[in-house]
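Written out below as structure tokens is the structure these notes cover.
The values are calculated or read from the model by the stated rules, or taken from the named source; none is laboratory data. The shown structure was predicted, so the numbers you read here are calculated from the model rather than taken from an experiment. Here the Cβ is made from the backbone with ideal geometry for all residues, glycine too, and neighbour counts use every protein chain on show.
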Amino acid sequence: MTALVLPLAEIGPERFEVVGGKAANLGVLTRAGFPVPPGFCLTTEAYARVVADVLDPVLDAFDVPGADLPALAARARELVTAAEVPTAIAEAVTALADDNTPYAVRSSATAEDLPNASFAGQQDTYLNVVGAPDLLDAVRRCWASLWTERAVTYRDANDIGHRAVRLAVVIQRMVASETAGVMFTADPVTGRRRQIVIDAAPGLGEAVVSGSVNPDHFVVDPGGRVIERRLGDKTVAVRPLPGGGTETLTLAGTGEPCLTDARIRALAELGRRVEEHYGSPQDTEWAIDADGKLWLTQARPITTLYPLPDNPHGTLRAYLSVNVAQGMFRPFTPMGVAAVKVLAAGAARDIFGQRVTDVVAGPPAFAVSAGRVLGDLTEALRNAVGRRILPRVFDVMEARSAVAVRGLLDRPEFAVRKGSTTRFARRFAATMWRHRLPLRVLSAIARPAAARARVDRAVGELPARLPAPTGSGRNARLDHVEAVLATEFGRVLPTVAPPAAAGFAMLGLAARLLGERARDGELPIVLRALPHNVTTEMDLALWHLAARLREDPPTAALLLTTPAAELAARRGDWPPALADGLGGFLAVYGHRAVAEIDLGMPRWSEDPTHILGVLANYLRADPRDRAPDVLFARGADEAEAMIGELAARCGPVRGRLVRFALGRTRELAGLREMPKYWLVSSLAAMRAELAAVGAGLVRDGLLDEPGDVFYLDLTDVRDPGGELRPLVARRKEDHAREVRRRHLPRVLLSDGTEPEAVAAEAPDGALTGTPASPGRVTGIARVVLDPVGAHLEPGEILVAPSTDPGWTPLFLTAGALVMEMGGANSHGAVVAREYGIPAVVGVRDAVAAITTGQRVTVDGTSGTVAVEAGEEAHAIA
């Protein structure tokens, strides 16, 4: 039988399920010699004995879809609070506790202090508890806090089952601290590793953690130098009372820091030792007692940092998130990553002439982190030509990335290297010559119809080359997949890309010819409703299908009243109009998908749920002047009219040139979708080949489902080496966790820094505070002074004096958080980061300066809140 109590000194990480996250970490730190207050843990066995059979009806109710979580949480809390503490448990606690010693009684759940979810403040802590009766009462209340609404909501948001969670209780000797606070061993806002961030205030650390005080804020660089020092007013302190309990005092701020530089350095050194011990950045709590002794009261992983990619170079690198640039925020599946590696390696070899020794490993300028693909920009930034071109390219494709990249140009690590221009010119010329790109561009400009015909032939020939030979075994199919992915892109891209490039080159020529004759926003009108765009043609084909189905009332009613997923599952029972119409659409476009550049994602032909939902939405739309085909035709007319107007401003000769250039833009620029169309066609075909490999692995008893193959990579599949199910299970769990990740950096440095977070500036007239969770959101403010009964519409900006963990259920619908009090490491800030909503804390007089109904922009990167004037508003208590 599991022991009821365990001294902290006897607890290691292997006891996690018995003692919970907090106690396991404290045990590890104690055994490693860190200055942890002595104590013991009442294990999960005690909790299990108390709630045995008591909670079963409530736990069953939690499993019902649409369950009323707050009501069930309240019922569970009542049941645990009413339960008697068995004699054996009471005796186990009192045998190790001294009646005259004050203790901190702290919850330690088995879903807590996890690498991907901190559960910061979701269960309760009771400070300065003295005497056996109060100690046992605090234990009971800790158990009950597992069922607060905030804890239940947090578990639900992080997809952690309620039935599996248990609670242990840590009982430690109380530190009557003179100064206390929190310390992160990496900056949780900018992401920079090895940069220590400390928040400190007088008294117990509860004031800092709960966000009820504006603490002193210090940042220490890896060399131990204090590089940022921002003093808070520190007008609140929590102090222990004689005989037990605490009181909150109002202080007159002194304007002096509560930590000397020597103590800051000592704290930073302790933080670095803790990080080194765990091998990852840590979120710690600390206290300094009246004798000046430094105590470590908690350490847990920082859950919101974006993982760093492997960096074999050893020097600072800059990465662009390909996922974000493509608008794909979900992670790739493992096989999707493997496919992109081969594609990128083949392109680097065949298009740019780079040496690639192993296509499966990918090219050197390729990295993966958190399931997202990163492109290494470092060499381009160190190149005189590259640093001029790169930001301009991003200006067109991803403007915020352009701003971040420009912010790197003055950094010495990315200074231009001698001879870079000459090297670039040689490589560029070789690429142009190898693929005859200038001739292809000029040919497209001279004869756009012929260029489009060549593109159509190149893409039309593709299906014949995609299937593997009949009867191919597993390795032969894998050879075929690798060959197609590595070679077809390099073969087809030089044919399908130059015509679109020619179209945009003509747009650039027209812009130069027009100069100031073209006003802002006019040239983009020329790009409206571009013809020859395969994606637009697909959308219009689906709209026309919806128009035909609207004329079949029973089929239209079926689409409007049946959930898309249910209808997809009943595919064999579709009425003829739907089966024939959607079948024809899928025959042409069924290889496409949501997040389609991930080979691991099901195609529409496999799962038409998304398309059925779109059809239903089209049926609900007004088929008159807002119809897509009407809008497309109107956009084409507006584009042609704009060409005529712009040409007319330039006189006869220049005007003819402008008209010619913009005409060629409209004839060619729509082909910009063809490279991706080709790519997605190839990926869909290779997905089918890999699904066949997966079916073979199922027959061999190595997988449960053919689709499990997409949670492996090419190396795993080529040489299985035995049981694959555990690896698939781990990969699925990792992938599901990454799907929930809220914040993705556009540009990331190899030390973890997000340039957007560092370079942000405050707009004029904005309220300022401490950046607590990065991102920028504009929405309607909702001032809330008390969370009880408060309601937040999705996307509203929560403005509050301060927040403790009881407020955090409101975060699920909040667009952003603004707090008058608190530091970047308070509970509210930590949970805001985990939920991925921007947050600014320590905003002086926020609840007075902002009123409900005003439109505000919260920038959690710069620490600013901009309020738009002129809105009617009222505060809600």
Just to be sure, is Gly255 assigned to a loop (DSSP other than H, G, I, E, B), at pLDDT below 90 and at positive phi?
-> yes
Residue match in the range 228-250 (condition: in a loop (DSSP other than H, G, I, E, B), among the charged types (D, E, K, R) and more than 19 Å from Thr770 (Cβ to Cβ)) = no
Selection over the range 548-563 where residues are surrounded by 14 or more Cβ atoms within 10 Å (Cβ to Cβ) and either under 33 Å from the mean Cα position of the chain (by Cα) or in contact (Cβ under 8 Å) with a residue 40 or more places away in the chain (or both) yields a count of 5
His735 passes all but one of the listed conditions (1) in contact (Cβ under 8 Å) with a residue 60 or more places away in the chain; (2) over 18 Å from Ala339 (Cβ atoms); the exception is number (2)
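Okay, residues lined up against (1) modelled with pLDDT under 75; (2) surrounded by 18 or more Cβ atoms within 10 Å (Cβ to Cβ); (3) in contact with a helix residue (DSSP H, G or I) (Cβ under 9 Å, 6 or more places away or on another chain):
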| residue | (1), (2), (3) |
| --- | --- |
| Pro771 | no, yes, yes |
| Thr778 | no, no, no |
| Leu817 | no, yes, yes |
| Arg833 | yes, yes, no |
| Gly842 | no, yes, no |
Report yes if Glu269 is more than 27 Å from the chain's Cα centre (by Cα), charged (D, E, K, R) and at pLDDT 95 or above, otherwise no. yes
message = I'd like to check something: does the range 609-620 contain any residue that is of a type in the set (A, V, I, L, M, F, W, C) and without any contact (Cβ under 8 Å) to a residue 12 or more places away in the chain?
response = no
Here the residues within the range 32-88 that are at pLDDT 90 or above and either part of a loop (DSSP other than H, G, I, E, B) or surrounded by fewer than 16 Cβ atoms within 10 Å (Cβ to Cβ) (or both) are Ala32, Gly33, Phe34, Pro35, Val36, Pro37, Pro38, Thr43, Thr87, Ala88
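If you go through the range 117-150, how many residues are more than 19 Å from Ala97 (Cα to Cα) and modelled with pLDDT of 80 or more?
Total meeting the criteria: 7.
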Note on the range 691-719: residues in contact with a Pro (Cβ under 9 Å, 6 or more places away or on another chain), crowded, with 20+ Cβ neighbours inside 10 Å, among the hydrophobic types (A, V, I, L, M, F, W, C) and part of a helix (DSSP H, G or I) are Val693, Leu697, Phe710
When the range 1-29 is checked residue by residue, the ones that are under 18 Å from Ser280 (Cα atoms) and either over 34 Å from the mean Cα position of the chain (by Cα) or in a loop (DSSP other than H, G, I, E, B) (or both) are Gly12
Q.
For the range 258-267, check the following and say yes or no: at least one residue is more than 25 Å from Gly752 (Cα to Cα), in contact with a Cys (Cβ under 9 Å, 6 or more places away or on another chain) and either in the same structural domain as Ser773 (by TED's automatic domain parsing) or surrounded by 18 or more Cβ atoms within 10 Å (Cβ to Cβ) (or both).
A. no
*Might you check whether a residue that is touching a strand residue (DSSP E or B) at 6+ places or on another chain (Cβ under 8 Å) and farther than 23 Å from Ala287 by Cα occurs anywhere in the range 54-76?*
no
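Let's see how each residue does on (1) over 16 Å from Ala339 (Cα atoms); (2) touching a His at 6+ places or on another chain (Cβ under 8 Å); (3) at pLDDT below 95:
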site: Leu671; (1), (2), (3): yes, yes, yes
site: Lys676; (1), (2), (3): no, no, yes
site: Val680; (1), (2), (3): no, yes, yes
site: Arg687; (1), (2), (3): no, no, no
site: Gly696; (1), (2), (3): yes, no, yes
site: Gly701; (1), (2), (3): yes, no, yes
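If I go through the range 166-190 residue by residue, how many of them are among the small types (Gly, Ala, Ser) and at pLDDT below 90?
Adding up the residues that qualify gives 0.
What number of residues within the range 781-795 satisfy the criterion of being surrounded by fewer than 18 Cβ atoms within 10 Å (Cβ to Cβ), out of contact with any Ser or Thr (no Cβ under 8 Å at 6 or more places or on another chain) and of a type outside the set (Asp, Glu)?
Total satisfying the criteria: 5.
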Within the range 189-217, the count of residues that are crowded, with 24+ Cβ neighbours inside 10 Å, out of contact with any Asp or Glu (no Cβ under 9 Å at 6 or more places or on another chain) and more than 16 Å from Gly253 (Cβ to Cβ) comes to 1
